[in-house]
Amino acid sequence: MAKMLVAGEWVDGASREHVPVLNPATGEVVDTVPQATPEDVDRAVAAAKASFPEWSRTDPEHRAEALRRGLERVRACQDEIADLLVREQGKPTHEALAELNHLLHGLAYYADLASKLRGSYVPLPSHLGTSFGLVVRRPLGVVAAIVPWNYPLTLMGTKVGPALIAGNTVVVKPASTTPLAATRVVGLLQEAGLPPGVLNVVTGPGRVVGEHLVAHPDVVRVAFTGETATGRRVMEVAGPAFKRVTLELGGSDPVIVCSDADLDQAVRGVLVGRYWNCGQSCLAAKRVYVFEDVYEPFLEKLLAGVSRYEPGEGWVRPERPKIRIGPLHTAQQRAEVLAQMQDALQRGARVAYGGRVPEGREQGHFLEPTVLVDVPHDSRVVQEEVFGPVLPVFRVRDMDEAIRLANDSPYGLGSSIWTSNVRWIHKAVQELEAGMTWVNQVHYGYDELPFGGTKQSGFGKEHGVEALDYYVELKSVVVGGLG
Ligand code: NAD
């Protein structure tokens, strides 16, 4: 029975109720976690609030040191944590280890920035007497970090790292289906030297626990990653209280493959981009637009690549040259992806590869990696976010058509182009409606670069030095009396 961390103590929660966490590959219970109540949220926020004055005044080098000690503890337990992540989330072991490494890299990046947060000196006009101005950065207070189930560790790190380093205290709310690895990491960070209450975790359903946290009057900042519809609800709740909110929401990233593209590299990028995490990534190659003169060879190489994936349990390594693809996270998730695919097929799309639920694996939410062609652009697999391993591939005449179709989406998270033509690159960077454009590169959220969407993919940035700006307020100071 796992517990929650509140004020430095492992607790069961006021209701004493526990709920099971299920393995998506087998349906077995991995562990149970407390079903938090609003009362538990109040307790966690109170702990975070009480620890804020001291933590915000702590020398930044000491904050960084506390975080670094925690990272070492997490690293020492990486196999155990990755295994927990595989069993609660469904992803293959090598992907779980990659996620854990991404978390460690991201937290180390922010630890290194702790002492580099600086303000500015501003010369002022003298009509009111000699004075100068300062702009200082101050931490905000209690931050709510609300995390989805697809990357439970890295998406917690993108919030906890900058929040703590800037001097805030945090209450983490993991997704109710993936609380285990995240809670273990929080526990290790705490044990390594974070003062009690600086980092807390509460577990339970989003509509109750998450929403109470967002609404709590002592929470000043909400860092949310999840579905667009949930983000809208978070805005409704946080908006009237003028809380600072960042929303990292859904995406439907287009990929443009031009005539001169290195097709082997482009196929590699699309395979990783679409089938990593069984297609359950916000930044993912979700629609591919291929110039017509290279469409056939691209598709041939793509199908050869897709055929290497073998659905199965994440902790079992397949025989080479097969590559493991795990199950979808829940039965409902798979049903949604199948319904989106069915809609496309009814409108005339064809399955070029996959499309079926593998036989003999009824307990897990498996689905064959799938490629669709001849897909009408108004079908659900194009206009909605597809959170699963289904990829529509389109033939386009030229760059204008590619950009027009790429932008024909309510989302604007990522995008990519495969070409060496500098004019096409320039056009794509200028005209693609997305928070990020990769050129000849796999969709990946680098810790060093600000990342966040436009349109219905949300607003605000995570990653990079820029993310720190969302965890501080700027205070202007005028210093007079200088004689
Ligand atoms: P979700 O919106 O269902 O849940 C996200 C988190 O919000 C969970 O912790 C959930 O418990 C909580 N929650 C649910 N209702 C809430 C409410 N009313 N108030 C407060 N919190 C609430 O999302 P999910 O299904 O866990 O994650 C998948 C989605 O996340 C996809 O749409 C994906 O594209 C998106 N995502 C976006 C990014 C990004 O950076 N843009 C990254 C990863 C995932």
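Roughly how tilted is helix 180-191, in degrees to the nearest 10 and between 0 and 90, from the longest Cα axis of the chain?
With rounding to tens, the tilt is 30 degrees.
Hey, for a label at residue 236 modelled as a point 7 Å past Cα toward Cβ, could you say which residues of segment 376-413 have their backbone N under 17 Å away?
Once the point is set 7 Å along Cα→Cβ of residue 236, nothing inside segment 376-413 turns out to lie under 17 Å by backbone N.
Step through the table entries 91/427; 322/461; 173/461; 3/116; 116/427; 3/286, compare each Cα-Cα distance with 31 Å, and write down the pairs that go over it.
The pairs that break the limit, which is 31 Å between Cα atoms, are 91/427; 322/461; 3/116; 116/427; 3/286.
What FRET efficiency, computed as 1/(1 + (r/R0)^6) with R0 = 56 Å and r the Cβ-Cβ distance, is obtained for residue 15 and residue 259, rounded to the nearest 0.05?
After rounding, the FRET efficiency stands at 0.35.
Just to confirm the number: angle between the C-alpha axis of helix 422-431 and the first principal axis of the chain, 0 to 90 degrees, nearest 10?
Compared with the principal axis, the helix lies near 60 degrees.
Please find the FRET efficiency linking residue 54 to residue 465, where r is the Cβ-Cβ separation and R0 is fixed at 22 Å, and quote it to the nearest 0.05.
0.30
Sort the following peptides by mean Cβ neighbour count (other Cβ atoms within 10 Å, averaged over residues), highest first: 271-282, 369-380.
Going from most to least packed, we get 271-282, 369-380.
What's the local net charge at residue 310, with K and R +1, D and E -1, over the other residues with C-beta under 10 Å away?
Net charge around residue 310: +1.
Using alpha carbons only, how many angstrom separate the centre of segment 164-222 from the centre of segment 321-371?
If we compute the Cα centre of each part, the gap is 34 Å.
Test of understanding: what is the full-extension gain from residue 482 to residue 308, defined as 0.36 nm times their sequence separation minus their Cα-Cα distance?
55.3 nm
Roughly what percent of Cα-Cα pairs across segment 143-197 reach past 16 Å?
Result for the distance tail: 36 percent.
So if I average 1/r over every pair of distinct C-alpha atoms in segment 10-51 and take the inverse, what Kirkwood radius in Å does that give?
This gives a value of 11.8 Å.
Counting Lys +1, Arg +1, Asp -1, Glu -1, what net charge surrounds residue 218 among other residues with beta carbon under 10 Å of its beta carbon?
Result for the local shell: 0.
Given the C-alpha centroids of segment 16-59 and segment 438-460, what is the distance between them in whole angstrom?
29
As an exercise, find the ratio Rg/Rh for segment 253-446 from alpha-carbon atoms, using the Kirkwood inverse-distance average for Rh.
Checking Rg against Rh, the ratio lands at 0.95.
Throw me the Rg/Rh for the chain, computed over C-alpha atoms with Kirkwood Rh, two decimals.
Ratio of gyration radius to Kirkwood radius: 1.00.
In straight Cα distance, which aspartates and glutamates are under 18 Å from residue 475, not counting same-chain residues fewer than 8 positions off?
466
Which aspartates and glutamates have a Cα less than 19 Å from the Cα of residue 49, not counting those fewer than 8 places away in the same chain?
Candidates past the 8-residue exclusion: 9, 39, 40, 59, 211, 218, 473.
What net charge do the residues around residue 452 carry, taking every other residue with its C-beta under 13 Å from that of residue 452, with Lys and Arg at +1 and Asp and Glu at -1?
Every neighbour counted, the sum reads -1.
Kirkwood Rh, Cα Rg: Rg to Rh for segment 235-334?
Rg divided by Rh gives 1.12.
Of the listed peptides 341-347, 122-128, 93-99, what is their order by residue-averaged count of other C-beta atoms within 10 Å, with the highest listed first?
93-99, 341-347, 122-128
Every number here is computed from the coordinates shown, using simple stated rules; none is lab data. Being a predicted model, the structure only gives us computed values, none of them experimental. Neighbour counts run over all protein chains shown; Cβ positions are idealised from the backbone, glycine included.
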